[in-house]
Amino acid sequence: MTFYDDIYPFYPLQRTAFIVSGRLLAIILVFLMLAVGLLLILPGIRGRTRVFWMLRIMTSLFIGVVIVALNFTNSWAEARMTTNATYKSFSNAVIQAEVGLHVGLYGINVTLRGNPIVQFNETINYNEMFSWHDIAEEEYEQALIKGLPNPILYIVEKFTLSSPCGMIFQYSYSGRFASATLWTAFCCWILANILFFLPDVVYAGYMTMATAAFIFFSMASFSTIKNVPRCVFSIGEDSFVTEYSHSFWLALATGVLCTIIGFFVVMLYFLMPEKVKAAFSLRFDSYEDEDKSCPEGYLNSVFLNGEMHLPLTPKVTPVSRNATSSYCHQEYFPALQ
């Protein structure tokens with residue numbers, strides 16, 4: 001152990017930034033397991049219903065995983081820039097790095113990545129998480145004790161209770177209501193999936209549109225941060241402000257998708273209710289399969305009645321398609337006793 005292999009004696013090892021959020025990974029794995037389990041049913045579904053079933057499953061699981069994952073992402077609002085800034089307190093060392101601020105519904109994520117990543121014999125790659133309920137003075141003091149770089153401390157200080165910007169109140173309250181409406185949208189999504197298996201599919205369409213409405217309510221709740229003067233982050237000679245990011249636009253796309261699905265289900269139900277009921281109850285091509293497996297023909301009524309002696313001119317009666325289908329899996333001519 002030497003001073004030249006990036007391992008310093010009597011000091012803890014340098015921390016590395018996380019790659020994937022554990023909560024998001026767990027959510028994705030759970031929905032992937034559900035998708036695989038439901039797709040295993042596909043070989044048992046006949047005809048064109050198989051494709052329709054697969055589209056239903058994939059679309060429904062996509063909406064569900066997006067609604068749940070949006071609660072735990074840190075990309076509702078983002079800001080990033082590359083600047084020259086002092087690295088640590090009580091030091092004149094200046095580094096060139098990319099500073100990023102990622103805002104979620106439950107907290108913020110501050111990143112600092114050097115350009116190049118190794119400067120002053122140290123790997124500059126930080127990714128620090130701060131929750132709303134822990135981002136008060138105590139957590140800021142812990143960040144000071146850890147000796148985090150100055151750009152991270154500067155950004156976190158803007159979200160403390162003593163900051164004149166008051167950003168913690170803006171983002172925490174808007175994120176709290178946005179999360180509550182998203183969980184309500186998730187409940188509506190569950191009810192919509194249950195109602196799709198009931199005779200009145202129109203109520204499933206209504207609940208799908210209710211899911212979209214609550215997603216839009218969550219976006220409106222988070223957008224209230226734009227109604228107050230935003231605090232400007234100035235690091236070095238550069239500055240930045242937060243803007244809407246991936247999670248916000250993904251919520252918008254999911255809400256529009258739910259609106260389209262709900263609208264078409266309700267509209268088709270009033271235009272052709274029987275076909276819609278048959279499609280969502282997996283009886284879409286039942287008559288078609290019966291026609292293919294049992295062709296139209298004639299049955300001899302004498303043999304069907306079980307008579308022993310055939311008349312000279314047996315009477316043959318035509319059988320309709322519905323009657324033919326009822327005898328598809330029976331013997332046409334039973335054995336004579």
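Distance between the modelled labels on Val241 and Leu198, one decimal in nanometres: 4.7 nm (7 Å Cα→Cβ projection).
Hey, quick one: spin label on Asn125, modelled 7 Å out along Cα-Cβ, who in the range 55-87 has an amide N within reach, i.e. under 13 Å? Under 13 Å, as judged by backbone N against the label point of Asn125, lies no residue of the range 55-87.
Largest accessible area first, the residues Trp183, Trp189, Trp76 order themselves as Trp183, Trp189, Trp76 under a 1.4 Å probe with ligands, DNA and RNA left out. Got the relative contact order for the range 188-245 handy, in percent, Cα pairs under 8 Å and 6 or more residues apart? Computed over the range 188-245, the figure is 22 percent. The simple spin-label model puts a point 7 Å past each Cα toward its Cβ; for Ile28 and Gln142 those points are separated by 2.7 nm. Net length available on complete extension from Phe62 to Ser163 is 32.4 nm, with 0.36 nm assigned per residue and the Cα-Cα distance removed.
Across the range 77-165, the relative contact order, built from alpha-carbon pairs under 8 Å that are at least six residues apart, equals 24 percent.
The values are calculated or read from the model by the stated rules, or taken from the named source; none is laboratory data. None of the values given here were measured: they were computed from a predicted structure. Don't worry about glycine lacking a Cβ; one is built from the backbone with ideal geometry, like all the others, and counts go over all protein chains shown. For accessibility, only protein heavy atoms count, side chains too; no ligands or nucleic acids. Shrake-Rupley method; radii C 1.70, N 1.55, O 1.52, S 1.80 Å.
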